[in-house]
Amino acid sequence: FLLSLYLYHRGLSRWLWHLPLLMILWVNLHGGFAIGLGLIGLLVVARIAEGLLMKKPLAIWHPLMVLGLSGLAALANPNGWEGLSYPLTYIGSDNPSMQYVSEWQSPNFHEPYWLLFLVSLLVLMALGVANSRLGAWPFLLTALLTTMVLQSARHFPLFALSVAPIAGEALRVRFNSLSWPRRQVESLTLGRLNWLILVLLTAV
């Protein structure tokens, strides 16, 4: 889902018709299928934001149709509508998992390994993912997933998978926009810094 949406957002792919087929698999394999619907919906919101704020063409019909078809595809599970609405049971505090299971709790920054997550956030802030060349979707995706991780530690794998390529894009845009007197020497240095940051984000 992420790869397809990245390629579509960057204009390297024209269609997303395969996502409803993947949704049929996802809804029958794991309850996190709602994330896929959310990712497509976020792309629609990003396209609307780009149209309003950046005066880009309002190209939302294809992802909107794919979102609708993916929602219908999510009904192709043994429990039908109950299976589709299952993720809604995690909204609010009525579900015991939200109260007692550790992975649903907020990150504990007193633990050393969560400091790496904090570092990754600082790196993203330094790079700046709100860039007109990147579009609105990377910024909205980063903001949404950061909020999700701060609420529940179990969302961190999705954060890592999503934000690593966004950081790579931000590094490319940021460093290509710089003008260096001795380009060959600095390019090697910046290239090493690029890999260092990407390895750090991936390791997190």
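The values are calculated or read from the model by the stated rules, or taken from the named source; none is laboratory data. Computed from a predicted structure; not experimentally measured. Note that each Cβ is placed from the backbone with ideal geometry, even for glycine, and that neighbours are counted across all protein chains shown. Note: areas computed on protein heavy atoms with side chains; ligands, DNA, RNA excluded. Shrake-Rupley method; radii C 1.70, N 1.55, O 1.52, S 1.80 Å.
Give, as residue ranges, the helices (runs of 4 or more DSSP H) completely inside the stretch 102-204 that count at least 2 residues that are modelled with pLDDT under 75. The helices (runs of 4 or more DSSP H) meeting that bar are 112-127, 156-176, 183-203. Scanning the stretch 49-72 for residues being surrounded by 16 or more Cβ atoms within 10 Å (Cβ to Cβ) and farther than 18 Å from Leu2 by Cα gives a total of 2. Residue count for the stretch 14-50 satisfying the condition of being in contact with a Ser or Thr (Cβ under 7 Å, 6 or more places away or on another chain) and hydrophobic (A, V, I, L, M, F, W, C): 5.
In the stretch 2-41, which residue that is assigned to a loop (DSSP other than H, G, I, E, B) and at pLDDT 90 or above is least open to solvent (accessible area, probe 1.4 Å)? Explain how you work it out, then say what you get.
In the first step, residues of the stretch 2-41 are kept if they are assigned to a loop (DSSP other than H, G, I, E, B); the result is 10-18, 28-30.
After this cut, where a residue has to be at pLDDT 90 or above as well, the list is 15-18, 28-29.
Working: Trp15: 133, Leu16: 0, Trp17: 112, His18: 73, Asn28: 76, Leu29: 140 Å².
My answer is Leu16.
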